[in-house]
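What follows is one structure encoded as structure tokens, with my remarks underneath.
The numbers here are math on the coordinates, done by the rules we state, and not lab data. Because the structure is a prediction, the values reported are computed rather than measured. Cβ placement follows ideal geometry from the backbone for every residue including glycine, while neighbour counts extend to all protein chains displayed.
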Amino acid sequence: MRILVMGGAGFIGGHLTQRFAADGHDAEHTHANSSKTSELLGYDPRRTIQEGVAEFVKWYHSNRKWYEPLVLES
């Protein structure tokens, strides 16, 4: 799967990018300038920022066992 993580310089975004890549996904990150992602990668979002944030929060709550060890390690 091709994944673009917005805010990849942050703690959560950085760990997500690393984990997705380790799981075999084509994972890239950006530092929140979405115009560059469109220009450089041809990225055309399928969700609004509101939909994406809501989906992320739902994922975050559903995957606590996955990410919590990462938080405890750092």
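Brief remarks on what is shown
- Potential lengthening between residue 46 and residue 19 on full extension [0.36 nm per residue; Cα-Cα distance subtracted]: 7.5 nm
- Label point of residue 67 set 7 angstrom out along Cα-Cβ; within region 9-31, amide nitrogens under 14 Å from it belong to 9-20.
- Linear extension gain, residue 35 paired with residue 12, 0.36 nm per residue minus alpha-carbon span: 6.1 nm
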